[in-house]
Amino acid sequence: MVKVIKAGKSQEEVVANDTKVAEIVSGALKDVETRGDQAVRELSEKFDKWSPESFKLSETEIKEIVSQVPDHVIEDIKFAQTNIKAFAEAQLASLHDVEVENIPGVILGHKNIPVESVGCYIPGGRYPMVASAHMSVLTAKVAGVKRVIACTPPINGEIPKATIAAMYLAGADEIYLLGGIQAMGAMAIGTETIESVDMIVGPGNAFVAEAKRQLYGRVGIDLFAGPTETLVVADHTADAEMIATDLLGQGEHGPTSPGALITTSEELAHETIKEIARQLETLPTADVASVSWEDYGQVLVVDSIEEARVEADRLAYEHVEILTENPDYFLENMTNYGCLFLGPETNVAYGDKVIGTNHTLPTKGAARYTGGLWVGKFIKTVTYQKVTPEATAYIGEYAARLCRLENFEGHARQADLRVKRYGKN
């Protein structure tokens, strides 16, 4: 039986907030579609107080910016990108074209073809997410995408130099100092000066996430990514300090970032709540993390590890840390998560920044049906067929009958023609 020690906001309250955001985004995207560059410029002035002669950085500007980034920062970025590239290349190696002779004379196959062009969004604001350049731009390039453009907003009128360096080192073909809804709209819809792309990817705030949702279909997207989510599953072997640190470490992302603890120990549940309160007294980002914990934090006590697994799958959170005696039980049995962090030695921050797995992951229950961003998201698996004259006469008779079973006479005649033209009788 599940005992709720602490609950977050109701689903009704969450939906109400989402509706307000959707209205703002819809109006902005319509404006970009109607007025192009002028709308993008006005939105940038409104939200970022940024209106340069050109949002696109020239090669000379990029190199000048990168040259101003300290050497140790460049080395750290390269270290992270080396890990992310290596894992992406291993994932790419797992994808294979297929061709089989299903029936004598019938050749069926599939090919893996990279998307032609991709737009990557790298968030700025209070937290300039340098790592998102590795996760999106670099992964797209490993996949074989020919044109990768990247957008990031200015921060208080300043150029985020480390982010630009990460975009450049990751292989971005075009870099724009442009943020928010206007960046997503410009990349997906296109303007007089920004050629549209086939797919947009990357994390962002509620407005960026909603823009992706509304643009989906017009362009492809990686996934619907809402506020970051973190779940810790713990038993008697875990300690409150680590749980509190890891939950607050992700709660600082934003005031709507859910954090949850599922534990078999009621004592640990209460200790963790006390420890979170203690750590909030000194955490520099407590102004944000305290709100996310108060409004969206959950603590559940369960009777067994199996029940913990059931509840974890029900929540289907983005990040799931396993602090139990046997973490591999969850690797073998859990099915709904964006990324698993197994054991106390690892944590979500490793995945967010440096270790090699991608940090753009499913939220809001999407882990029930999709994984996160990876090389395969940038690749279309498309099918083809080739048939010999003898085989088409054989297949055609079956096809004609099955088409007429569904009242598709025109379909049936396509098959009849092949039977007539290539059949011996």
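The values are calculated or read from the model by the stated rules, or taken from the named source; none is laboratory data. Keep in mind that what you see is a predicted model, and the values were worked out from it rather than measured. Positions of Cβ are generated from backbone atoms using ideal geometry, with glycine treated the same way; all protein chains shown enter the neighbour counts. Note: areas computed on protein heavy atoms with side chains; ligands, DNA, RNA excluded. Shrake-Rupley method; radii C 1.70, N 1.55, O 1.52, S 1.80 Å.
Observations
- Candidates ALA415, ALA367, ALA400, ALA393, filtered to the one that is in a helix (DSSP H, G or I) and closer than 30 Å to ALA143 by Cβ: ALA367
- Options VAL100, VAL21, VAL4; residue that is under 22 Å from GLY125 (Cβ atoms) and among the aliphatic types (A, V, I, L, M): VAL21
- Selection from region 155-175 of residues that are open to solvent by 10 Å² or more (accessible area, probe 1.4 Å), at negative phi and modelled with pLDDT of 95 or more: ILE159, PRO160, LYS161, ALA162, TYR168, LEU169, ALA172, ASP173, GLU174
- Only a single item in (1) hydroxyl-bearing (Ser, Thr, Tyr); (2) closer than 30 Å to VAL148 by Cα; (3) modelled with pLDDT of 95 or more is not met by TYR394, and it is number (2).
- In region 64-86, the qualifying residues are those that are open to solvent by 30 Å² or more (accessible area, probe 1.4 Å) and in contact (Cβ under 8 Å) with a residue 12 or more places away in the chain, and the one that is farthest from SER132 (Cα to Cα) is GLN68.
- For ILE273, the conditions (1) open to solvent by 30 Å² or more (accessible area, probe 1.4 Å); (2) free of Cβ contacts under 8 Å to residues at least 40 places away in the same chain; (3) in contact with a strand residue (DSSP E or B) (Cβ under 7 Å, 6 or more places away or on another chain); (4) not hydroxyl-bearing (Ser, Thr, Tyr) all hold with the exception of (2).
- Taken together, SER292, SER257 contain a single residue that is among the hydroxyl-bearing types (Ser, Thr, Tyr), buried (at least 18 other Cβ atoms within 10 Å of the Cβ) and over 30 Å from PHE378 (Cα atoms), which is SER292.
- Every pair of residues 6+ apart whose Cβ atoms lie under 7 Å, when the first sits in region 313-330 and is over 24 Å from ALA366 (Cβ atoms) while the second is hydroxyl-bearing (Ser, Thr, Tyr): THR324/THR237; GLU325/THR237
- Scoring SER304 on the criteria (1) closer than 19 Å to ILE5 by Cα; (2) open to solvent by less than 30 Å² (accessible area, probe 1.4 Å) leaves a single failure, condition (2).
- Selection count, region 361-376, where residues are touching a residue at least 40 places away in the same chain (Cβ under 8 Å), out of contact with any strand residue (DSSP E or B) (no Cβ under 7 Å at 6 or more places or on another chain) and surrounded by 15 or more Cβ atoms within 10 Å (Cβ to Cβ): 9
- Region 32-51: number of residues that are open to solvent by less than 30 Å² (accessible area, probe 1.4 Å) and touching a Leu at 6+ places or on another chain (Cβ under 8 Å): 3
- Test: residue in region 377-389 that is outside any loop (DSSP other than H, G, I, E, B), more than 28 Å from ILE113 (Cα to Cα), open to solvent by 10 Å² or more (accessible area, probe 1.4 Å) and out of contact with any strand residue (DSSP E or B) (no Cβ under 6 Å at 6 or more places or on another chain): yes
- Some residue of region 109-132 being crowded, with 19+ Cβ neighbours inside 10 Å and either assigned to a helix (DSSP H, G or I) or charged (D, E, K, R) (or both): yes
- The one condition from (1) open to solvent by 50 Å² or more (accessible area, probe 1.4 Å); (2) touching a residue at least 40 places away in the same chain (Cβ under 8 Å); (3) part of a loop (DSSP other than H, G, I, E, B); (4) among the hydroxyl-bearing types (Ser, Thr, Tyr) that THR335 does not meet is (2).
- Helices (runs of 4 or more DSSP H) contained entirely in region 193-299, each with at least 2 residues that are more than 20 Å from the chain's Cα centre (by Cα): 240-251, 266-280, 286-296
- Considered as a group, the residues in region 401-418 that are open to solvent by less than 100 Å² (accessible area, probe 1.4 Å) and within 20 Å of LEU108 (Cβ to Cβ) include one that is farthest from the chain's Cα centre (by Cα), and that residue is ALA415.
- Qualifying residue in region 140-148 (condition: open to solvent by 30 Å² or more (accessible area, probe 1.4 Å) and assigned to a strand (DSSP E or B)): yes
- Selection of helices (runs of 4 or more DSSP H) fully inside region 1-103 by the criterion of at least 1 residues being under 25 Å from the mean Cα position of the chain (by Cα) returns 11-35, 37-48, 71-93.
- Residue, least open to solvent (accessible area, probe 1.4 Å), within region 87-108, restricted to residues that are of a type in the set (D, E, K, R) and more than 13 Å from TRP374 (Cα to Cα): ASP97
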